[in-house]
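A quick write-up on the structure given underneath.
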Amino acid sequence: MNARREFLRRSGGLVVAFSLAPYAHGQGAAKAGKPRLPGSLAKDPYLDAWIRVDASGAVTVFTGKAELGQGIKTAILQVAAEELDVAMDRIALVTADTARTPNEGFTAGSHSLQDSGTAIRNAAAQVRALLVQEAARRWNAEARALTTANGIVSAPDGRRARYGELAAALDLHVDARPDAPLKEASDFRVMDRPVPRVDIPAKVTGGAAYVHDLRLPGMLHARVVRPPSYGATLAAFDPRSVEQRPGVVKVVRDGSFVAVVAEREWTAIQAMAELARACRWNESARLPDEGKLGAFLASLPSKDDVILDRGGASAAPARTLEASYSRPYLAHGSIGPSCAVAHLADGRLTVWSHTQGVYPDRKAIAEMLGMPEEKIRLVHAEGAGCYGHNGADDAAADAALIATHVSGRPVRVQWMREQELAWEPFGAAMLVRVRAALDSRGRIADWEYAVWSNTHSTRPGTGGSLLAGQSARGLRLPPPRAIPQPEGGGDRNAIPLYVLPRARVTSRFLEDMPVRVSALRSLGAYMNVFAVESFMDELADAAGADPVDFRLAHLDDPRARDVVRTAAERFGWKKGAAAGSGVGQGFAFARYKNLAAYCAIACEAEVDLETGKPRLKRVVAAVDSGQVVNPDGLRNQIEGAIVQSSSWTLYERVAFDARRIRSIDWQTYPILRFDSVPESVEVHVVDRPGAPFLGSGEAGQGPMAAALANAIAHASRRRLRDLPLARRELS
């Protein structure tokens with residue numbers, strides 16, 4: 001690291017390299033009573049971890065977060081350009097690379113702008129201030145009299161200096177300050193403006209956009225032979241006919257890990273199919289009865305944690321309601337099956353992967369291979385479909401392991417569709433039981449809620465988290481852990497934001513994981529918001545209240561009330577609309593994790609009363625994400641959440657029998673098709689100039705599920721509580 005920094009210093013300019021050992025600075029400052037540094041600066045406080053200005057004035061910004069299709073590249077560039085007073089096209093952005101960027105862990109939980117965007121904004125503002133101070137020193141002028149624009153510092157008397165000239169005299173290997181001189185929102189010229197996404201052109205024109213498109217000189221192609229079921233071990237193996245195939249370079253067997261390497265991709269695919277027929281497996285998997293999944297979850301031993309226990313006084317209940325809700329295992333359903341490229345040369349391994357955590361994945365691969373971490377470089381390259389822990393990390397491990405058997409040439413591994421759908425970690429199945437009492441005024445007097453769920457993260461960090469680590473090295477998956485509140489995992493958003501005089505919420509954490517599970521977009525929030533907001537409609541109906549009015553009567557957060565009112569008004573919410581006509585309106589609200597973006601959604605759905613088949617007609621959303629960076633990007637996120645959540649809510653479920661996953665293609669794992677996309681989607685942004693960034697990438701999943709379920713109930717007078725809602729029509 002020191003050698004790298006010294007090299008960059010000698011190259012001239014204001015250096016923003018990176019540092020991997022500054023953690024004590026931010027944490028120590030907090031312990032010493034000093035103000036905590038904002039965002040990811042608290043973990044990596046040196047300014048030179050985030051920004052570089054070279055002698056020409058060109059700027060490089062470094063973020064440990066990855067572009068997953070959420071538009072973070074564009075937003076980060078806007079943030080940096082705004083605070084530096086540099087045009088966006090003068091800034092180069094480097095994302096998630098263990099050799100170049102800060103370690104910001106996983107790109108997850110809607111934390112990119114909250115953590116990295118906040119860090120870069122503050123670092124950029126301080127870099128601009130230092131440049132101004134250097135100009136003031138040279139000119140013997142007052143810093144406050146100088147201005148910046150387009151990468152130039154100017155004085156009132158006409159003197160000007162380009163950033164590159166000033167940067168040569170500065171060393172930014174200094175701690176960031178907690179009181180960066182940030183711009184006022186009224187002065188923004190780049191932030192809070194719609195800017196075209198920088199990642200889109202290549203994706204819509206057939207350019208090189210994804211890791212799948214990466215081609216290196218001399219690159220080989222590999223395919224892995226997956227076992228037929230969880231825990232299966234290789235009993236017999238005869239590779240001779242495959243090894244004799246023209247174009248086959250090598251057949252790899254490492255424990256129960258089997259793969260074939262070839263000069264061309266089609267050769268690898270054909271050889272994989274033949275090799276699969278030559279393998280015999282011992283199977284031992286025992287999966288639960290898919291048709292009785294809720295009862296199975298409730299029967300498992302659980303570790304119970306009361307995450308809310310409010311015991312205030314309440315009026316005598318006039319009516320009590322109770323209900324249970326469930327969701328199945330859900331797949332990520334990435335359109336592009338997982339892919340990675342690995343190259344071992346001169347004892348150093350480089351892996352290109354669409355992992356959401358380059359540093360944790362590097363650590364896991366290092367353990368699997370028995371290599372020092374510093375000899376492995378993980379570089380993020382976008383994947384065609386993501387949002388959670390899909391097969392990306394496993395594909396990276398596959399490629400890394402295979403590369404050790406063909407040293408000197410890059411190896412590209414891509415999973416097949418059936419491998420992706422059978423072997424990726426799924427979103428955990430969940431069960432919710434809720435009971436509430438209404439008082440004589442129709443207000444909620446008592447609330448009791450319990451949620452059963454496995455862990456929502458088995459992400460890499462150890463070699464046992466990787467399929468290749470398990471099959472080739474016999475490494476074991478670490479014991480599952482619950483993600484603690486306030487963010488939570490299976491209990492994310494299990495605590496309602498509503499005013500409840502008496503409430504008890506219990507998280508029942510299930511350690512037994514018969515099906516491979518991990519992070520799926522929004523973790524448990526999707527299910528908990530679906531359950532809470534469905535039940536709020538049921539309570540409103542029992543109280544004889546309008547669903548929107550009922551929510552407002554139980555909300556005291558003014559920002560929550562604003563998004564609820566905005567969504568209802570822009571939708572044209574009709575109070576007292578008759579139910580059971582075949583066309584219904586539904587409403588739902590949540591604040592993601594109770595600490596990120598606020599989102600309210602109203603929707604109109606049509607139900608064929610003969611077949612029960614639902615059709616989503618119109619959706620109107622309101623979102624408050626704090627200070628907006630790119631309004632179009634924010635709308636993209638909510639629109640994407642609406643479409644994805646509609647697919648989960650209506651159609652998706654992982655199918656399996658007693659031994660194997662059976663939903664291995666788009667017929668057996670159906671997703672929303674183009675002809676089922678809502679006919680109209682509107683997203684209205686409630687801007688909060690100057691407020692902190694709030695994560696919005698996962699704010700819409702839960703509200704959309706409940707709004708749709710509520711609309712179907714209103715249209716049909718039939719309350720469906722078990723996801724997916726259209727499962728009967730598809731069977």
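Hey, any hits in segment 177-186 for a residue that's under 28 Å from Pro102 (Cα atoms) and without any contact (Cβ under 8 Å) to a residue 24 or more places away in the chain?
Taking every residue of segment 177-186 in turn, none turns out to be under 28 Å from Pro102 (Cα atoms) and without any contact (Cβ under 8 Å) to a residue 24 or more places away in the chain.
Among the listed residues Ala429, Ala437, Ala384, Ala450, identify the single one that is of a type in the set (A, V, I, L, M), at pLDDT below 95 and touching a Lys or Arg at 6+ places or on another chain (Cβ under 9 Å). Talk me through it step by step, then tell me what you get.
Working: Ala429 fails: at pLDDT below 95; Ala437 fails: at pLDDT below 95; Ala450 fails: at pLDDT below 95.
So the residue among Ala429, Ala437, Ala384, Ala450 that is of a type in the set (A, V, I, L, M), at pLDDT below 95 and touching a Lys or Arg at 6+ places or on another chain (Cβ under 9 Å) is Ala384.
Could you identify the single residue in Lys593, Lys613 that is of a type in the set (D, E, K, R), touching an Asp or Glu at 6+ places or on another chain (Cβ under 6 Å) and modelled with pLDDT under 95? Spell out how you get there, then give the answer.
Details: Lys593 fails: modelled with pLDDT under 95.
Among Lys593, Lys613, only Lys613 is of a type in the set (D, E, K, R), touching an Asp or Glu at 6+ places or on another chain (Cβ under 6 Å) and modelled with pLDDT under 95.
Could you list, in sequence order, all residues of segment 96-107 that are touching a strand residue (DSSP E or B) at 6+ places or on another chain (Cβ under 9 Å) and either part of a loop (DSSP other than H, G, I, E, B) or over 9 Å from Val358 (Cβ atoms) (or both)? First the steps, then the outcome.
Taking segment 96-107 first, the residues touching a strand residue (DSSP E or B) at 6+ places or on another chain (Cβ under 9 Å) are 96-102, 104, 107.
The answer is Ala96, Thr98, Ala99, Arg100, Thr101, Pro102, Glu104, Thr107.
Considering each of Ile51, Ile91, Ile120, Ile76 in turn, give the residue that is under 23 Å from Ala641 (Cβ atoms) and either touching a strand residue (DSSP E or B) at 6+ places or on another chain (Cβ under 8 Å) or charged (D, E, K, R) (or both). So that I can check it myself, show each step before the final result.
Details: Ile51 fails: under 23 Å from Ala641 (Cβ atoms); Ile91 fails: under 23 Å from Ala641 (Cβ atoms); Ile120 fails: under 23 Å from Ala641 (Cβ atoms).
Exactly one of Ile51, Ile91, Ile120, Ile76 is under 23 Å from Ala641 (Cβ atoms) and either touching a strand residue (DSSP E or B) at 6+ places or on another chain (Cβ under 8 Å) or charged (D, E, K, R) (or both), namely Ile76.
Residues in segment 267-282: is at least one within 30 Å of Leu539 (Cβ to Cβ) and in contact with a Ser or Thr (Cβ under 6 Å, 6 or more places away or on another chain)?
For segment 267-282, residues within 30 Å of Leu539 (Cβ to Cβ) and in contact with a Ser or Thr (Cβ under 6 Å, 6 or more places away or on another chain): absent.
From (1) surrounded by 15 or more Cβ atoms within 10 Å (Cβ to Cβ); (2) more than 32 Å from the chain's Cα centre (by Cα), pick out the condition that doesn't hold for Arg226.
(2)
Can you say whether Ala705 is closer than 27 Å to Ala597 by Cα, among the small types (Gly, Ala, Ser) and in contact (Cβ under 8 Å) with a residue 24 or more places away in the chain, as far as the supplied structure shows? Can you show your working first?
Numbers: closer than 27 Å to Ala597 by Cα: yes; among the small types (Gly, Ala, Ser): yes; in contact (Cβ under 8 Å) with a residue 24 or more places away in the chain: yes.
Yes.
Would segment 40-47 turn up any residue that is touching a Pro at 6+ places or on another chain (Cβ under 6 Å), within 30 Å of Ala525 (Cα to Cα) and polar (S, T, N, Q)? If you could, list the steps in order and put the result at the bottom.
Here is the first cut: in segment 40-47, the ones touching a Pro at 6+ places or on another chain (Cβ under 6 Å) are 44-46.
Cutting the leftovers down to within 30 Å of Ala525 (Cα to Cα) gives us 44.
Filter again for polar (S, T, N, Q), leaving none.
Within segment 40-47, not a single residue is touching a Pro at 6+ places or on another chain (Cβ under 6 Å), within 30 Å of Ala525 (Cα to Cα) and polar (S, T, N, Q).
Select from segment 121-137 the residues that are touching a residue at least 60 places away in the same chain (Cβ under 8 Å) and more than 11 Å from Leu172 (Cβ to Cβ) and write down the one among them that is nearest to the chain's Cα centre (by Cα).
The selected residue is Arg121.
Out of the residues in segment 596-610 that are charged (D, E, K, R) and touching a Gly at 6+ places or on another chain (Cβ under 8 Å), which is modelled with the lowest pLDDT?
As a first pass, look at segment 596-610 and keep what is charged (D, E, K, R): 604, 606, 608, 610.
Narrowing the set further to residues that are touching a Gly at 6+ places or on another chain (Cβ under 8 Å) leaves 604, 606, 608.
Values: Glu604: 98, Glu606: 96, Asp608: 91.
Taking the candidates together, the pick is Asp608.
Taking Ala331, is it at pLDDT 95 or above, of a type outside the set (Val, Ile, Thr) and farther than 20 Å from His405 by Cβ?
Working: at pLDDT 95 or above: yes; of a type outside the set (Val, Ile, Thr): yes; farther than 20 Å from His405 by Cβ: yes.
For Ala331, the condition - at pLDDT 95 or above, of a type outside the set (Val, Ile, Thr) and farther than 20 Å from His405 by Cβ - is met.
Restricting to helices (runs of 4 or more DSSP H) lying wholly in segment 465-571: which have 1 or more residues that are under 30 Å from Leu401 (Cα atoms) and in contact with a Ser or Thr (Cβ under 7 Å, 6 or more places away or on another chain)? I'd like the intermediate steps shown before the answer.
Details: elements: 467-473, 525-543, 547-553, 558-571.
Those helices (runs of 4 or more DSSP H) span 467-473.
For residues that are within 14 Å of Ala180 (Cβ to Cβ) and under 20 Å from the mean Cα position of the chain (by Cα), scanning just segment 36-70, find the one that is surrounded by the most Cβ atoms within 10 Å (Cβ to Cβ).
Only one residue tops the list, namely Ser40.
Need the failing condition index for Ala560 against (1) surrounded by fewer than 16 Cβ atoms within 10 Å (Cβ to Cβ); (2) within 18 Å of Glu698 (Cα to Cα), just the number.
(1)
Among the residues of segment 289-314, which ones are surrounded by 15 or more Cβ atoms within 10 Å (Cβ to Cβ) and outside any strand (DSSP E or B)?
Glu290, Leu293, Gly294, Phe296, Leu297, Ala298, Leu300, Ser314
Answer yes or no: is there a residue in segment 21-33 that is in contact with a strand residue (DSSP E or B) (Cβ under 7 Å, 6 or more places away or on another chain), of a type outside the set (Val, Ile, Thr) and at pLDDT below 90.
Among the residues of segment 21-33, at least one is in contact with a strand residue (DSSP E or B) (Cβ under 7 Å, 6 or more places away or on another chain), of a type outside the set (Val, Ile, Thr) and at pLDDT below 90, which makes the answer yes.
Would you point out which residue out of Leu552, Leu497 is surrounded by fewer than 21 Cβ atoms within 10 Å (Cβ to Cβ) and either charged (D, E, K, R) or touching a strand residue (DSSP E or B) at 6+ places or on another chain (Cβ under 6 Å) (or both)?
Step by step, each of Leu552, Leu497 is checked, and only Leu497 is surrounded by fewer than 21 Cβ atoms within 10 Å (Cβ to Cβ) and either charged (D, E, K, R) or touching a strand residue (DSSP E or B) at 6+ places or on another chain (Cβ under 6 Å) (or both).
Determine whether Ile671 is touching a residue at least 60 places away in the same chain (Cβ under 8 Å) and surrounded by 22 or more Cβ atoms within 10 Å (Cβ to Cβ).
Against the criterion (touching a residue at least 60 places away in the same chain (Cβ under 8 Å) and surrounded by 22 or more Cβ atoms within 10 Å (Cβ to Cβ)), Ile671 does not qualify.
Which fully enclosed helices (runs of 4 or more DSSP H) of segment 625-731 have 2 or more residues being of a type in the set (Val, Ile, Thr), in contact with a strand residue (DSSP E or B) (Cβ under 7 Å, 6 or more places away or on another chain) and not assigned by TED's automatic domain parsing to the domain that holds Gly391? Don't jump to the end; show me each part of the working.
Values: elements: 631-650, 701-716, 727-730.
Ranges flagged: 631-650.
Which of (1) modelled with pLDDT under 95; (2) of a type outside the set (Val, Ile, Thr); (3) out of contact with any helix residue (DSSP H, G or I) (no Cβ under 8 Å at 6 or more places or on another chain); (4) surrounded by 12 or more Cβ atoms within 10 Å (Cβ to Cβ) is the odd one out, the single condition Ala236 does not satisfy?
Ala236 satisfies all of (1) modelled with pLDDT under 95; (2) of a type outside the set (Val, Ile, Thr); (3) out of contact with any helix residue (DSSP H, G or I) (no Cβ under 8 Å at 6 or more places or on another chain); (4) surrounded by 12 or more Cβ atoms within 10 Å (Cβ to Cβ) except (4).
Can you go through Arg521, Arg476 and tell me which one is touching a residue at least 60 places away in the same chain (Cβ under 8 Å), of a type in the set (Lys, Arg) and either more than 25 Å from Ile642 (Cα to Cα) or touching an Asp or Glu at 6+ places or on another chain (Cβ under 9 Å) (or both)?
Values: Arg476 fails: touching a residue at least 60 places away in the same chain (Cβ under 8 Å).
One residue alone meets the criteria, Arg521.
Which of the residues spanning segment 440-494 are of a type outside the set (A, V, I, L, M), under 30 Å from Ala542 (Cα atoms) and surrounded by 22 or more Cβ atoms within 10 Å (Cβ to Cβ)?
Going residue by residue through segment 440-494, those that are of a type outside the set (A, V, I, L, M) are 440-443, 446-449, 452-465, 469-471, 473-474, 476, 478-481, 484-493.
Keeping just the survivors that are under 30 Å from Ala542 (Cα atoms) gives 440-443, 446-449, 452-453, 490-493.
Of everything in segment 440-494, those that are of a type outside the set (A, V, I, L, M), under 30 Å from Ala542 (Cα atoms) and surrounded by 22 or more Cβ atoms within 10 Å (Cβ to Cβ) turn out to be Trp447, Tyr449, Trp452, Ser453, Gly490, Asp491, Arg492, Asn493.
Which is closer than 28 Å to Trp352 by Cα, acidic (Asp, Glu) and in contact with a Gly (Cβ under 7 Å, 6 or more places away or on another chain), of Glu374, Glu382, Glu418, Glu424?
Details: Glu374 fails: in contact with a Gly (Cβ under 7 Å, 6 or more places away or on another chain); Glu382 fails: in contact with a Gly (Cβ under 7 Å, 6 or more places away or on another chain); Glu418 fails: in contact with a Gly (Cβ under 7 Å, 6 or more places away or on another chain).
Just a single option satisfies the conditions, and that option is Glu424.
The values are calculated or read from the model by the stated rules, or taken from the named source; none is laboratory data. Quantities reported herein were computed from a predicted structural model and do not represent experimental measurements. Note: ideal-geometry Cβ built from the backbone for every residue, glycine included; neighbour counts use all protein chains shown.
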